[in-house]
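A short write-up of the structure that comes next.
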Amino acid sequence: MWRSSRAVCCSVLLLAAALRGDAGADRRVGRPAVRLFTAEDLARYDGQQEEEPIYMAVKGAVFDVSAGKEFYGKGASYNALAGKDSTRAVAKMSLEAEDLVSDTTGLTEEQLKSLDDIFENVYKRKYPIVGYTAQRILNEDGSPDESFSPEDQPHFQIRDEF
């Protein structure tokens, strides 16, 4: 189901690009295409394999945190955050297993403000965005999320993605 949902999502984004007139634009040299990650895809990049990059997601944006291997790599202090969307953990500054999820339900205003601050001033400034979680773009049934707007996403420029 995910493969067909990805195809639908990509088709929708390509159609939007074509309608905007920039579907044939050149990709930026040296910048990889942004991709869509399922939870299983993201788990592969948990810092346990030396040859793989280390990814983690915050607010549905997947960051390559490999440059911070000493923090996020195998056996490192923040390795628990790698390979998953750790939004709640970042907001709460927690490494508890129950907080290593994307759900922000019940967080305080202070925690949500902290999350936004860390997202903007740490992750977006320090680490490249390599994709988005499927949860950010797709509904639970795999259909495209109509409220998703590529133009509103950090580092998501249609002309660079395909």
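The values are calculated or read from the model by the stated rules, or taken from the named source; none is laboratory data. It should be emphasised that the depicted structure is a prediction, and the values quoted were computed from it without experimental measurement. Every residue, glycine as well, gets a Cβ built from its backbone with ideal geometry; the counts of neighbours run over all protein chains shown. Accessible surface is based on the protein model in full, side chains and every heavy atom, while ligands, DNA and RNA are left aside. Shrake-Rupley method; radii C 1.70, N 1.55, O 1.52, S 1.80 Å.
Each peptide in 90-99, 56-65, 139-148, 38-47 receives the mean, over its residues, of other Cβ atoms within 10 Å, and ordering these scores from highest gives 56-65, 38-47, 90-99, 139-148.
By accessible area, using a 1.4 Å probe on protein heavy atoms only, segment 95-143 has 47% of its surface on carbon and sulfur.
Applied to segment 84-101, the Karplus parametrisation 6.51 cos²θ - 1.76 cosθ + 1.60 on θ = phi - 60° returns per-residue 3J(HN,Hα) values of 7, 8, 9, 3, 4, 4, 5, 4, 8, 6, 10, 10, 5, 3, 5, 9, 7, 9 Hz, with x for Gly and Pro. Residues whose amide H falls under 5 Å from that of LEU138, counting only those 5 or more places apart or on a different chain, are ASP145, with hydrogens built in the peptide plane. Computed over protein heavy atoms with a 1.4 Å probe, the carbon and sulfur contribution to the accessible area of segment 29-93 reaches 52%. Amide hydrogen proximity for PHE63: with H placed 1.01 Å from N in the peptide plane, the residues at 5 or more positions away or on another chain lying under 5 Å are MET56, ALA57, VAL58, VAL130.
Restricted to Cα atoms, segment 50-114 shows a radius of gyration and a Dmax of 11.8, 39 angstrom.
A Förster distance of 35 Å, applied to the separation of the beta-carbon atoms of GLU146 and MET93, puts the FRET efficiency at 0.55.
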